Amino acid sequence: MKLLLQHYVSMFPAMFRSMVVFAVMSLFFLNSISSQAVADSVSIDTLNIDAPESKEKKGSIFAGRPGKALLYSLVVPGAGQIYNKSYLRVPFVWAAVGGLGYLVVRNTEVYQFRRDLYISKIDNSAPPVKIPKGEADLLTQSAASVRSNRDNANTAKQQAIVGFTLVWLANGVDAFVDAHLKDFDMDEDLSIDFGPKMDDDPYAPMRMGVFVQF
């Protein structure tokens, strides 16, 4: 049981670091895309009068189709993916958010039990009545051992909360980027041509080469 507990606690730092790296890269990509967004234009009255000229309204990050997808996903995970009609992404979003949400609830429950158990051992009072699954062995351990396990549970709880927050944000970033990619120009004219070329410059010797045309 002790080895299983140590393995359960030790797996959180690696998972936490992976989530942080993924979220930072996603947010950096989000900022690079949003900085290139075009401001919404405001129509000007067609009559030639001396009315003040309307100024362009700066679009917020929630403007347009990508902004709506981002907003929907931040409110309800997966809603932005449904708005983009990217239905295959929805199960992955729900699995990630649901999995991290479960870890938050589980680790919070374990931490609260270990905290109350440590207090009961210090005060020589009755132990907590509600015992989470797999935690019954702590009832026979010393106060110092319970305190160490309590600290580990607190660390795991905090990492789960941060991971849950990052996954929730990454779900919004995914919807935002996916909406941008759906508007990407995929015209058939976008191609690369290779071929030979000869220069007929009367003032220079004839030259031959290969050209690339986009």
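Any read-out appearing in this document is the output of simple, stated calculations on the displayed coordinates, not a laboratory observation. Just so you know, these numbers come straight off a predicted model, no measurement behind them. No Cβ is skipped: glycine too gets one built from the backbone with ideal geometry, and neighbour counts run over all protein chains shown.
So how far apart, in nm, are the two label points at residue 131 and residue 182 if each is 7 Å from Cα heading toward Cβ?
Rounded to a tenth, the inter-label distance reads 5.2 nm.
What distance in nm lies between label points placed 7 Å from Cα along the C-beta direction at residue 105 and residue 155?
Inter-label distance under the simple model: 2.6 nm.
So which trypsin sites (Lys or Arg not before Pro) in the stretch 105-180 pass both tests, a DSSP loop state and at most 12 other Cβ atoms within 10 Å of the Cβ?
Details: sites: 106, 114, 115, 121, 130, 133, 147, 150, 157; in loops: 130, 133.
Filter output for the stretch 105-180: 130, 133.
Under the 0.36 nm per residue contour assumption, what length would be gained going from the current alpha-carbon distance of residue 62 and residue 139 to full extension? Please list the in-between numbers first.
Values: separation 77, 0.36 × 77 = 27.72 nm, distance 5.17 nm.
Residue separation times 0.36 nm, minus the Cα-Cα distance, leaves 22.6 nm.
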